[in-house]
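Just so it is clear, none of the values below were taken in a lab; they were calculated from the coordinates. Predicted, not measured: the structure shown is a model, and the values here were computed from it. Positions of Cβ are generated from backbone atoms using ideal geometry, with glycine treated the same way; all protein chains shown enter the neighbour counts.
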Amino acid sequence: MTSAGAVRVRLAPSPTGTLHIGTARTAVFNWLFAQHHGGRFLLRIEDTDRERSRPEFTANILEGLRWLGLDWDGEPVIQSQRQEAHQAAIQQLLDSGHAYRCYASEAELTAMRELQAASKQAPRYDNRHRSLSPEQQQAFIAEGREPVIRFRIDDGRSIGWNDLVRGAMRWAGADLGGDMVIARRAPADRIGDPLYNLVVVVDDAAMAISHVIRGEDHIANTAKQLLLYEALGLEPPVFAHTPLILNQAGKKLSKRDGVTSISDFQAMGYTAAALANYMTLLGWSPPEGMGERFSLEEAARVFGFERVNRAGARFDWDKLNWLNGQVLHEQGPEGLRQQLLPLWAARGWPAPGHDQAAEAQADPHWQRELCALIGPSLTLLQDGVEQAEPFFCLPPLQEAASQQLEVPGARQSLTALEGLLPEGMLEADQAQVLLTAAAKQAGVKKGVLMKSLRAVLLGSLQGPDLVATWLLLHRSGEDRRRISRGL
Ligand code: GLU
């Protein structure tokens, strides 16, 4: 194992989409590992696919990582700016005989694959242009063909490495699909656009990456990349392949499963702390006694690959929701208020103006009490918008609430309560006294009045603690208005 301080890891996202949960989880493991070893966590934007890469995706990825608290060291490396280094490496491979130009046309390659399929063979390049004579090459060029550049992968090779998650790994060269394209088609006197496996090796080596931590869907790439390290005379990093994230059906989580982008989770009302915590649990088991709710810093103290599972990690919404609820409750009323303010503002709350309602709603103390009241029942931050709504706006009377007002004595008890409402402050003890007195005046059980009061205040028979609800609505002058509409 590398000594402390020498650890340099990286996240290498392709900006061809928004920050995906799989990439974010890879980022979490890289970050935890770097933190644990006092190492560095670097970022490389792999934007060599010019057609599909977009600056807005890069912005979304950086924003998502920042939001999750996964800060990286230094400026991100932009892969498309490193073309010279990539081409130099390809030239080196051509010069040393590890790479060659292949003139096979797309039509020829398709025909080759169809033949393989017909005889039930796995698709692979049959290395047909590995040893072309200079004359054969000239003939192809004269035909106007443009070659790709391929890297030789000998069938007889056996590639092994010691994976930090999966232990001893071994791949047969014969299973890597034949000689691999490392540069796209270009005129034979040029080097075309370099491709993924080649650029990753050149860049990881240039960035002195000590450990490559990425999803297990890259295992075959690792075998190919190890051959490239060898051919280029470079020292390979240590590899750790993390388990895939699976959906409920046990299949790899994909866009078809709905929410997969970090920005979608954010929009749904998940907090960064809960999501980062949850992603850590996707494949890593905390040591005994640690529980499942922890911060990234706490996880970093004990993180290691010996506790990363090999089996795929099934996405568990219930656990994520539970963690999110935990985080929201831990924040306390003021923390929750800070997070809810922008969401409330987007709905036009607190109300504009200077009347009693607007002034109460704009009062941080009133808002904190509202947060203390609704906080314990929130799972998502968005629930704090839904549950705050009847405190900011007059809610319509739901069917059950209307029915409650038809209960014998219900309206009379509300009328009695209206007559007892004080103009100034109302305290909890006093509220109880008033409820008892009004119920008595109307000759109904206190429970009937309480249920009816809830119905007119919230328009529903469900909701948080009744007296606390009433006190808040009394301060905004809304209780009188709502009680009278039920009469
Ligand atoms: N750009 C690659 C991806 O997003 C990087 C894989 C790697 O970490 O090497 O899958």
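Here are some notes:
- Expressed per residue, the C-alpha convex hull volume of the range 357-397 stands at 74 Å³.
- The range 177-243 - percent relative contact order, Cα under 8 Å, separation 6 or more: 31
- For the range 44-108: Kirkwood Rh in Å [reciprocal of mean 1/r, alpha carbons]: 14.9
- Environment charge of residue 482, counting only residues whose C-beta is closer than 11 Å and scoring Lys/Arg +1, Asp/Glu -1: +1
- When the alpha carbon gyration tensor of the range 347-425 is reduced to an equivalent ellipsoid, its three semi-axes come out at 26, 19, 12 angstrom, largest first.
- Scattering from the range 305-456 was approximated by placing one identical point on each alpha carbon and applying the Debye formula without solvent; log10 I(q)/I(0) at 0.11, 0.13, 0.15, 0.16 1/Å stands at -0.61, -0.79, -0.97, -1.05.
- Rg/Rh, computed from the Cα trace of the range 146-230 with Rh as the Kirkwood radius, has the value 1.00.
- Within the range 388-420: backbone nitrogen closer than 16 Å to the residue 484 label point (7 Å, Cα to C-beta): 394, 414-420
- Based on the reciprocal of the average 1/r between different C-alpha atoms, the Kirkwood radius for the chain equals 27.3 Å.
- Sequence-distant lysines (8 or more away, or on other chains) whose Cα lies within less than 24 Å of residue 255: 319
- In nm, spacing of pseudo-spin labels at residue 356 and residue 111 (7 Å Cα→C-beta vector): 8.9
- Per residue convex hull volume, Cα atoms of the range 152-283, in Å³: 173
- Near-label residues of the range 460-487 by backbone N, under 16 Å of a point 7 Å along Cα→Cβ of residue 363: 468-480
- Along each principal axis, Cα extent of the range 276-344, largest first, Å: 43, 24, 18
- In the range 226-281, one over the average inverse separation of all distinct C-alpha pairs is 14.5 Å, which is the Kirkwood hydrodynamic radius.
- Estimated 222 nm signal from helices in the chain, with DSSP H stretches of n ≥ 4 weighted -39500 (n - 2.57), rounded to 500: -14500 deg cm²/dmol
- Extension gain, residue 234 to residue 288: 0.36 nm times the residue separation minus the Cα-Cα distance gives 15.4 nm.
- Taking a point 7 Å from the Cα of residue 415 along the Cα-to-Cβ direction, the residues of the range 390-405 with backbone N closer than 19 Å to it are 402-405.
- Equivalent ellipsoid, the range 103-180 (semi-axes from 5 times Cα gyration tensor eigenvalues, Å): 30, 17, 10
- Extension gain (nm, one decimal) between residue 257 and residue 450, 0.36 nm per residue minus Cα-Cα: 65.0 nm
- What the pair-distance distribution of the range 15-149 shows, using all Cα-Cα distances binned every 5 Å from zero, is 2, 8, 12, 13, 12, 12, 12, 12, 9, 7, 3, 1 percent.
- Straight Cα distances below 19 angstrom link residue 446 to the aspartates and glutamates 406, 418, 427, 429, 465, 479, with same-chain residues fewer than 8 positions distant left out.
- When you restrict to C-alpha pairs under 8 Å that are six or more residues apart and normalise by the size of the range 90-160, the relative contact order lands at 50 percent.
- The residues packed around residue 323, meaning those with a beta-carbon under 12 Å from its beta-carbon, carry a net charge of -2 if Lys and Arg are +1 and Asp and Glu are -1.
- Here the mean projected area of the convex hull built on the C-alpha positions of the range 243-323 is 5.5 nm².
- Dividing the radius of gyration of the alpha carbons in the range 78-122 by their Kirkwood radius gives 1.22 for Rg/Rh.
- Separation of the residue 377 and residue 466 label points, Cα + 7 Å toward Cβ, nm: 1.4
- For the range 367-487, the spread of Cα positions along each principal axis, largest first, Å: 42, 32, 21
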